Amino acid sequence: MREFLEACSYDLEDSRIIIYINEIKQQFSPRTARKRLIYIRAFLKFVNHPLAEHIELPKIPKQKKIVVKPRDIRQILIEADSKLRERYALKVKSATLLSATSGIRAEELYLLTVDDIDLENRTIYIKAEIAKDYEDRVTFFSREAQEVLQEYLSVVKPDKLPFSKKSLLYHFGKLNTSLRMKHMRKFFSQQSDRLGMPTAIKKMLMGHSMRNDVDLGHYDFQDEEELKKIYDKYWKDFRILG
């Protein structure tokens, strides 16, 4: 706001404001310009400036939505085997399958410890301190992910944080794909819909906020055992590599 006031020489004359707004629109991308103009408009409303009601915010171009299919995940797994050393290929494949079949957030994956993963029962315990909504939750992963993860843990014997962000970003960068770990969560959401999983269960597993959903937030609670039964119906035997 200081930059805006200095540009107008602390004189909120209409012509000075209009010149500055036009400069913002020309200098920045629509998204950045929109953010800046929202603050300026709010300030002008606060001081009851009549021009506030006439500031038009730039429209943000709508980008094509990304659809992630099983073949896209399969390509990552195949490339990891062909382009990376065994230990790193196993890490990338484990992280990819774990994320793609559990719906865990990338930032949650990076902070998972070995103790957070129950390999035998295909269960991930996400602690409140690493969750986006600061709530404990549980989610699960497929048998295929279990097989690859078991090999990774037995061959590589990773330390307490088996999926460090720095390492995964580096090795993903060696693959010929525009997808990143964050897209595995998108795949889980889209594939769950394709498999017919109830949306309410998907939201619980993914840790979506329930604040604005009265039914999910207060009534439709499922314990770990029931959640796993429903998850397994759709995901337990789902395979990327066949």
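Rundown of residues vs (1) surrounded by fewer than 19 Cβ atoms within 10 Å (Cβ to Cβ); (2) without any contact (Cβ under 8 Å) to a residue 60 or more places away in the chain; (3) in a helix (DSSP H, G or I); (4) in contact with a helix residue (DSSP H, G or I) (Cβ under 8 Å, 6 or more places away or on another chain), yes/no style:
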| site | (1), (2), (3), (4) |
| --- | --- |
| I124 | no, yes, no, yes |
| Y134 | yes, yes, no, yes |
| Y152 | no, no, yes, yes |
| L161 | yes, yes, no, yes |
| K166 | yes, yes, yes, no |
| R185 | no, no, yes, yes |
| S192 | no, no, yes, yes |
| M197 | no, yes, no, yes |
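Can you run down the residue pairs with Cβ atoms below 7 Å, 6 or more apart or on separate chains, where the first is in region 8-19 and within 17 Å of I38 (Cα to Cα) and the partner is at pLDDT 85 or above and in a loop (DSSP other than H, G, I, E, B)?
L12/H49
Which of the residues belonging to region 100-119 are of a type outside the set (A, V, I, L, M, F, W, C) and either in contact with a helix residue (DSSP H, G or I) (Cβ under 8 Å, 6 or more places away or on another chain) or part of a helix (DSSP H, G or I) (or both)?
T101, S102, G103, R105, E107, E108, Y110, D115, D116
Filter region 36-54 down to residues that are in a helix (DSSP H, G or I) and surrounded by 15 or more Cβ atoms within 10 Å (Cβ to Cβ) and give me whichever is farthest from the chain's Cα centre (by Cα).
L51
Listed here are the residues, each with its yes/no results for (1) of a type outside the set (F, W, Y); (2) assigned by TED's automatic domain parsing to the domain that holds L119; (3) modelled with pLDDT of 95 or more; (4) farther than 15 Å from S142 by Cβ.
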{"position": "F172", "(1), (2), (3), (4)": "no, yes, no, yes"}
{"position": "N176", "(1), (2), (3), (4)": "yes, yes, no, yes"}
{"position": "D193", "(1), (2), (3), (4)": "yes, yes, yes, yes"}
{"position": "G196", "(1), (2), (3), (4)": "yes, yes, yes, yes"}
{"position": "K203", "(1), (2), (3), (4)": "yes, yes, no, yes"}
{"position": "S209", "(1), (2), (3), (4)": "yes, yes, no, yes"}
{"position": "D223", "(1), (2), (3), (4)": "yes, yes, no, yes"}
{"position": "L241", "(1), (2), (3), (4)": "yes, no, no, no"}
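Looking at region 93-111 only, could you name the residues that are of a type in the set (A, V, I, L, M) and out of contact with any Lys or Arg (no Cβ under 9 Å at 6 or more places or on another chain)?
A95, L97, L98
One line per residue, one yes/no per condition, for (1) within 30 Å of I24 (Cα to Cα); (2) of a type in the set (D, E):
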site: K62; (1), (2): yes, no
site: K65; (1), (2): yes, no
site: E79; (1), (2): no, yes
site: L84; (1), (2): no, no
site: E108; (1), (2): no, yes
site: I117; (1), (2): no, no
site: F140; (1), (2): no, no
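Take the conditions in the same structural domain as S189 (by TED's automatic domain parsing) and farther than 26 Å from G242 by Cβ and apply them to I130. Does it pass?
Judged against the criteria, I130 is a match.
Is at least one residue of region 65-83 in a loop (DSSP other than H, G, I, E, B) and among the basic types (K, R)?
Looking for residues that are in a loop (DSSP other than H, G, I, E, B) and among the basic types (K, R), one finds at least one in region 65-83, hence yes.
Restricting attention to region 138-153, which residues are of a type in the set (G, A, S) and touching a Phe, Trp or Tyr at 6+ places or on another chain (Cβ under 7 Å)?
Matches in region 138-153: S142 only.
The values are calculated or read from the model by the stated rules, or taken from the named source; none is laboratory data. Keep in mind the model is a prediction, meaning the values are calculated, not measured. When we count neighbours, we look across all protein chains shown, and the Cβ atoms used for this are built from the backbone with ideal geometry, even at glycine.
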